[in-house]
Structures are given as structure tokens and as C-alpha cells.
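Engineer: Okay, here's the structure, questions in a sec.
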Amino acid sequence: MLKGKFVVIGVTGGIAAHRALDLTSTLVKAGAEVHVIMTRGAREFVGPLAFEALSGNRVHVDTFSAPPGWRYPHLELARRADIALVVPATANIMAKMAYGMADDLLTTSILAMTCPIVVCPAMNVYMYRNDIVQENIKRLRKLGFILMEPGVGRQACGDEGPGRLAAVEDIVNMIKKVLMPECDLAGSRVLVTAGGTREPIDPVRYISNRSSGKMGYALAEAAVNRGAVVHLVTAPTCLEPPDGAKIYYVNTAIEMFREVMNLYREVDVVVKAAAVSDYRPKTVSDQKIKKSDSGLVLELEKNTDILYELGKQKTHQILVGFAAETEDLIKNARQKLAKKNLDFLVANDVTQPGAGFGTDTNIAKLIFPGGRIESLPMMDKLELADRIWDEVVKLRHGKTK
Ligand code: PMT
């Protein structure tokens, strides 16, 4: 997600300096080119070698020693940076930044930077609450620096309160928000289901449906692109799973139910694009059922309606369902919307050419509680996925206000 982005991390001397290692590793994994500047104090806590190993770049410590090809390290770092972070930011570095001091490589670089600079304070709670520190924080905000709230809790020194370094995940989300404003799902944890479940009859046969998984995979891909943490629970498909999503492979409706329920509490949004079999064979033969001269009667029993269960147990989550219909699209969709306690529903008439199962496109109507209907033209499934996430983002803003 951060491919091609040049990130400068200024590490200063606090016990949280070692957590900048995690951050470096996460940003490198996300594709960023990471350059670390360490102050003298930071090097008392962590050795530069650890940052060099993780970033793949020489650590910058000295204003007067430039890597080959660089004339002035502070100006090169400032010119190249898409974003800079101060992690952890001590009371000392914030005071220096607030008043424009430039007595080492980090402070001179910061003065020369025109990119956004994110400051992540970490210090003892009493130092953090000190009026001088709070004044400096206010001043930094006024000057355009982005200040992250520190975490609250037990500190390394044993004191309790605000002053812990913000979580690495939150810092990364902030970077995504700043660098990619289109990352409007950054910080959201979403669960998408895809594909058609397979209900076994015997070891070689099953009951399923025509779902290819394309709609669900498009939803997962679009959500990853918009910065969400994505869990994709998928029935069998022939598709490559989208990069960046956590994948849970299932076969049957029962397996899908289990995975979805396990994840439900920890997600903010569920979009159920999967075509779940409503019925399964009551008994599954251990052996391949032999052909006989007479017909074969299969007794089916009902599967749990996963979405209905999610609707019943909904607490904070936004729930989006699909309805695949062959007749009375709106009427049936409205019934499902109400019965399953959904925030909105994506209805597709699967008899229409270019809609529904297996196609790369879909034609959908978004049905909302209260009666609003938005009819969308035929569009690529990835485009429809983005339209669905647009609605989710609006709802999330409404909910978090
Ligand atoms: O996978 P593709 O080939 O791209 O096709 C896309 C699609 C047609 C599968 C997709 O657009 C779609 O409509 N998915 C929902 C299909 C479906 O099962 O619809 P339904 O009307 O039977 O179910 C309504 C909703 O309840 C769905 O969100 C479904 O996931 C959910 N459900 C249904 C039954 C069940 N036992 N548990 C459920 O959770």
C-alpha cells in the first residue's frame, strides 16, 4: 500500500524507541522506503544496526556524514520524504521542534521538511501532563504538525496514565490517512464472505450454486485498497485471493457460520456476498452412492441463516447483505433487509444479462431501511464494490460522530 513512498522515521531517546523497530518493519512490509534518523539519546536505547537490518538502509546519525551521492543529509532526507514521523517523540524533541532549534540531524532535517510530519509523544505521565509539554504540543499542532494521542496505561517506570507510545497499527493508519486520503476505511476491520458453499452428499458429490466468488473477492480487494483490515471467509472458488486480506477457507455453510461467528465481535463491518446453501443433505454417505435402476431421493435439512444470526447479535457492526433474486426483486429484498436487521442490502436480479453469478459485472439496487432505493447501472464488480464501501463509509461517519 505504501509502495514508492519515502518515509523518514526520527527516533529519539525514550524507552519506546524499540517500538519504532516494529513500525519500521511494518512500513517496509507495506512497500515503503524507510530511512531512520537516530538521535544520540535513541542510540542509548537501541543500536542502529537493528534499524539498518529492518529498513535495508543505513541509519542516519550525523549531520556531517552523507551517504554516497548525497551532499547534505538533512536536505536530501527533507527533499525525498513523503512523510516524516517522530517515534517516540520525547519532551525534549518536541520543545526543540516547537521553537525551531536545529542542533542535530533530526532537528535540522525537520526544519527543512515540507512534507507532513507526524509526532508520536511517549514519556512518563507526569512529564506528559506538565504544562510546558502541553503548551509545546499545542504550539506544534498550531504549526501544522500532526500530533498522535499517546496510549494510556501502565508505563515502563510503573506509573499509570497517558504517555505510552500510540499503537503501531494506529500510527500506520494515520500514515495511510495522510498519504492516501482515499484510504477512507483505514482503521476499519471488515469481514467479507464470498463464493458458494458446498454441501456434501457423498465423498464425490455436493450441492452448491453458481457463485464464482467474484463479487466477494472484488469487495475484499476494494476494502484492502481503501485501507481496511480485511477478513475474507470464502467458499471454494477458482480465484486468486486478493493481496493484503486475511483468508479463511471453508466448504460448507456450517463451516462458514463458525468462521464468521468467531470473527464477528472483532469486526466493524460485515458484507455477506456469499451464496450460502439454504439446505444440506440430512445424511452424508461415507461411500460414493451407487447408481441404481430406481431414482434417488435426498432428504435435506435447513442450514442456519448466518446473516439472520448476525442481525440478531448485532452490537456495533454495520451489516450489509445481498439478495440474489429471480422475481419480485424489491419486495423480496425489502423482506430480507428487515428480517435480517441489515443496514442496507444489495439486490441483484440474477436473471439479467451482466448481473449476478459468474459475470465480471453486476447490476444492483441498494435498498435502505426507510424505503430509499438506489438503482445502479451495469458496472464492473470492483466498481460496485467501491459503491458499496462508499455507503459503508457514510454510515461509519454517521455512527462515529
Ligand atoms: O460470486 P459471483 O459469481 O460473483 O456472484 C455474485 C452473487 C450473485 C453470489 C452475489 O451478487 C449475491 O447476490 N450474493 C448473495 C447470494 C444469496 O445467497 O442470496 P440470498 O438471497 O439467498 O441470501 C440473502 C443474504 O443472506 C445473502 O447475503 C447471503 O449471504 C445470506 N445468507 C443466506 C443463506 C444462509 N443460510 N445464510 C446467509 O448468511
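Engineer: Go through the stretch 98-136 and give me each residue that's small (Gly, Ala, Ser), without any contact (Cβ under 8 Å) to a residue 40 or more places away in the chain and assigned to a helix (DSSP H, G or I).
Structural biologist: Ala112
Engineer: For Gly213, are the conditions met, namely being at pLDDT 95 or above, of a type outside the set (A, V, I, L, M, F, W, C) and crowded, with 24+ Cβ neighbours inside 10 Å?
Structural biologist: The answer is yes for Gly213.
Engineer: Moving on to the next point. Could you check, for the stretch 236-246, whether at least one of its residues is at pLDDT 95 or above, crowded, with 19+ Cβ neighbours inside 10 Å and in the same structural domain as Ile306 (by TED's automatic domain parsing)?
Structural biologist: No; the residues of the stretch 236-246 include none that is at pLDDT 95 or above, crowded, with 19+ Cβ neighbours inside 10 Å and in the same structural domain as Ile306 (by TED's automatic domain parsing).
Engineer: Now, a different point. In the list Val192, Val178, Val233, which residue meets the criterion of being among the β-branched types (Val, Ile, Thr) and more than 12 Å from the ligand (Cβ to nearest atom)?
Structural biologist: Val178
Engineer: Considering the stretch 190-220 alone, what residues qualify as being part of a strand (DSSP E or B) and under 30 Å from Ile289 (Cα atoms)?
Structural biologist: Scanning the stretch 190-220 gives Ala194, Gly196, Glu199, Pro200, Ile201, Asp202, Arg205, Tyr206, Ile207.
Engineer: Still on this structure: Report those strands (runs of 3 or more DSSP E) wholly inside the stretch 338-401 carrying at least 1 residues which are within 19 Å of Leu307 (Cα to Cα).
Structural biologist: So the answer is 344-349, 364-367.
Engineer: Return yes or no: is Met94 at pLDDT below 95 and aliphatic (A, V, I, L, M)?
Structural biologist: Spelling it out, it is not the case that Met94 is at pLDDT below 95 and aliphatic (A, V, I, L, M).
Engineer: Would you say Gly187 is over 30 Å from Asp349 (Cα atoms), under 15 Å from the mean Cα position of the chain (by Cα) and either within 16 Å of the ligand (Cβ to nearest atom) or not in a strand (DSSP E or B) (or both)?
Structural biologist: Against the criterion (over 30 Å from Asp349 (Cα atoms), under 15 Å from the mean Cα position of the chain (by Cα) and either within 16 Å of the ligand (Cβ to nearest atom) or not in a strand (DSSP E or B) (or both)), Gly187 qualifies.
Engineer: Tell me, yes or no, whether the stretch 247-267 has at least one residue that is within 16 Å of the ligand (Cβ to nearest atom), buried (at least 18 other Cβ atoms within 10 Å of the Cβ) and in a strand (DSSP E or B).
Structural biologist: Yes.
Engineer: So for the stretch 259-277 (the condition being in contact (Cβ under 8 Å) with a residue 40 or more places away in the chain, of a type in the set (Lys, Arg) and under 16 Å from Ala223 (Cα atoms)), does at least one residue qualify?
Structural biologist: Within the stretch 259-277 (the criterion being in contact (Cβ under 8 Å) with a residue 40 or more places away in the chain, of a type in the set (Lys, Arg) and under 16 Å from Ala223 (Cα atoms)), the answer is yes, since at least one residue qualifies.
Engineer: Restricting the stretch 284-318 to residues that are of a type in the set (D, E, K, R), in a loop (DSSP other than H, G, I, E, B) and under 39 Å from the mean Cα position of the chain (by Cα), which is farthest from the ligand (Cβ to nearest atom)?
Structural biologist: Lys314
Engineer: Can you tell me which residue in the stretch 1-13 is surrounded by the fewest Cβ atoms within 10 Å (Cβ to Cβ), limited to those that are out of contact with any Asp or Glu (no Cβ under 8 Å at 6 or more places or on another chain) and modelled with pLDDT of 95 or more?
Structural biologist: Val8
Engineer: Go over the candidates Leu296, Leu263 one by one and state the one that is out of contact with any helix residue (DSSP H, G or I) (no Cβ under 8 Å at 6 or more places or on another chain), within 24 Å of Tyr206 (Cβ to Cβ) and in the same structural domain as Val204 (by TED's automatic domain parsing).
Structural biologist: Every option except Leu296 fails the conditions.
Engineer: Next question, about the same structure. May I ask you to list the residues in the stretch 319-366 that are within 7 Å of the ligand (Cβ to nearest atom) and small (Gly, Ala, Ser)?
Structural biologist: Correct list: Gly321, Ala323, Ala324, Gly356, Gly358.
The values are calculated or read from the model by the stated rules, or taken from the named source; none is laboratory data. Predicted model only: the values in this text are computed from it and were never measured. Because the Cβ atoms are built from the backbone with ideal geometry, glycine has one as well, and the counts that use them run over all protein chains shown.
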